[in-house]
Amino acid sequence: MKKLRNKSLFYFIICTLFLTIFVMILIFIQNRTKKSAITKESKQFLTLFNWGEYLDPQTIIDFEEQNGIEVKQVLFSSNELAITKIKSDDKYDLAILSEYAIDKLIQDELIEGINSEKLEKSNNYNWQYNDQYKEFKEKLPKRFSNYAVPYFWGKVVLIYNKQKINKEEITKESFKILDKPNLKIALCNNPRDGLMVGLKATGGTIEKPTEKELENAKKWLLKLKEKNPNVAFINDQLIDRMSQKGKEYYDVVVAYSGDANFLKEKNDNLEVLDPKEGTNVWVDSLVMPKNSCKELAYKFINFLREKNNYQKNLAYIKYDSPYEDKNNKIKINENDQIYKYDEANQKLINTYWNDVIAYPSKKDYWLFGFSGLILIGLIIAFFMKKRKVFESQY
């Protein structure tokens, strides 16, 4: 009887011990979950609307570590798409856009004004513009400086393979070199910079093209696709397709100056040409869409403008700075222009660009024809098989 009592006491102690451990584990898990939830709720997030490959990843890491703010990047491939997303009430704290897109959003009252008192202006920060940018910014839309903080600027150029194209020839032909059907070429896949090539090749103007000039540009691009089966329209794929020496996808590409300079450094088969007819100059800037978290936005803007951070980012991006002269290699020529947003013009540009993209090239015709032959062959084979089955049954 004593043994039985001792045994029961032993089991009771063991069960109590296990129950106590189990309860302690539950309390521990609950506390950890609460702590995690509190941390998650208290953590701040900044949503940045940006182009692909347009900010050094290390810059984001440094900002997050120094400020305890997590940066979430949402990427877009054209200003037109960015405008649509911002108009659809998607929430972003900061966006990096070109001047004509910013002009449109100012008109639509979809971005916040910049409070200059919130921008750091000590010697450790970039806030004074270089002489070339000071002169050029007079061409920017009215009120631009009240809504935007310049990030980088540049222009559209040609980058070409020296093994395939003679320097004297492309210097003479400039944009018209694209008209040669034996060359593999790539154009920017967006309405403004895509049609710009046609405008320049046909003597049109970029700043505010007429309907006739836009129509001529469209016709030139359609003929280009008719004559040349090797026309591509690309954006972020450029770096991957042109960076390997001897494995370049294209002979000549219409590109942004920063990407062109980056590729030239990586691949010595490539050279950059500043088109003699003039080209499109753009200024990309930081703006705050409506309902953004302004406190976080100003923190990030100032972090990017801090000279050490800006220099690291610039070394990664390879674009030109509107601030310090030493980081500004862009040359603005008398024929260079800036596109000014016009509602009627933009609708026409979008329509004509869609026509260009949808228009089949020579390669498409061959593909359609070949696909048609395969389809016909499959249909014939199907009916012949059905016929054999039918004949075998009777």
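The values are calculated or read from the model by the stated rules, or taken from the named source; none is laboratory data. This structure is a prediction, so every number in the text was calculated from the model and none was measured. Here the Cβ is made from the backbone with ideal geometry for all residues, glycine too, and neighbour counts use every protein chain on show.
Brief remarks follow.
- So ILE330, is it among the hydrophobic types (A, V, I, L, M, F, W, C) and assigned to a loop (DSSP other than H, G, I, E, B): yes
- One residue alone among ASP62, ASP93 is charged (D, E, K, R) and in contact with a strand residue (DSSP E or B) (Cβ under 9 Å, 6 or more places away or on another chain), and that residue is ASP93.
- Restricting attention to segment 106-121, the residues that are of a type in the set (A, V, I, L, M) and in a loop (DSSP other than H, G, I, E, B) add up to 3.
Residues are listed down the side, and each one gets a yes or a no for (1) in contact (Cβ under 8 Å) with a residue 24 or more places away in the chain; (2) under 22 Å from LYS139 (Cα atoms); (3) of a type in the set (S, T, N, Q):
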| position | (1), (2), (3) |
| --- | --- |
| LYS208 | yes, yes, no |
| ASN230 | yes, no, yes |
| ASN235 | yes, no, yes |
| LEU238 | yes, no, no |
| GLY258 | yes, yes, no |
| GLU265 | yes, no, no |
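- Residues that are surrounded by 16 or more Cβ atoms within 10 Å (Cβ to Cβ) and either farther than 27 Å from PHE144 by Cβ or touching a strand residue (DSSP E or B) at 6+ places or on another chain (Cβ under 8 Å) (or both), drawn from segment 340-363: VAL356, SER361
- For segment 163-188, the candidate set comprises residues that are part of a strand (DSSP E or B) and not β-branched (Val, Ile, Thr); within that set, the residue that is farthest from the chain's Cα centre (by Cα) is ALA186.
- Take the conditions (1) assigned to a helix (DSSP H, G or I); (2) small (Gly, Ala, Ser); (3) under 18 Å from TYR256 (Cα atoms); SER145 misses just one of them, which is (3).
- Of the helices (runs of 4 or more DSSP H) that lie entirely inside segment 230-315, those containing 3 or more residues that are more than 19 Å from TRP153 (Cβ to Cβ) and in the same structural domain as GLU207 (by TED's automatic domain parsing) span 238-242.
Per-residue answers, yes or no, for (1) part of a helix (DSSP H, G or I); (2) aliphatic (A, V, I, L, M); (3) more than 18 Å from LYS340 (Cα to Cα); (4) modelled with pLDDT of 95 or more:
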position: GLU80; (1), (2), (3), (4): yes, no, no, no
position: LYS85; (1), (2), (3), (4): yes, no, yes, yes
position: ASP89; (1), (2), (3), (4): no, no, yes, no
position: ALA101; (1), (2), (3), (4): yes, yes, no, yes
position: LYS104; (1), (2), (3), (4): yes, no, no, yes
position: ASN123; (1), (2), (3), (4): no, no, yes, no
position: TRP127; (1), (2), (3), (4): no, no, yes, no
position: PHE136; (1), (2), (3), (4): yes, no, no, no
position: PRO141; (1), (2), (3), (4): no, no, no, no
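- Count - residues of segment 285-343 that are farther than 22 Å from ASP62 by Cβ and polar (S, T, N, Q): 5
- Looking at LYS290, LYS208, LYS299, LYS223, just one residue is loosely packed, with under 15 Cβ neighbours inside 10 Å and closer than 27 Å to TYR125 by Cα, and that residue is LYS290.
- Unique residue being at pLDDT below 75, among the charged types (D, E, K, R) and out of contact with any strand residue (DSSP E or B) (no Cβ under 7 Å at 6 or more places or on another chain) when the list is LYS331, LYS385: LYS385
- Scanning segment 125-144 for residues that are surrounded by 13 or more Cβ atoms within 10 Å (Cβ to Cβ) and under 15 Å from ARG305 (Cβ atoms) yields TYR125, ASN126, TRP127, TYR129, ASN130, TYR133.
- The C-beta contact set for segment 76-105 (first residue free of Cβ contacts under 8 Å to residues at least 60 places away in the same chain, second residue in a strand (DSSP E or B), distance under 7 angstrom, 6+ apart or interchain) comprises PHE76/PHE49; PHE76/TRP51; ALA82/PHE49; ALA82/PHE76; ALA82/ALA95; ALA82/LEU97; LYS85/PHE76.
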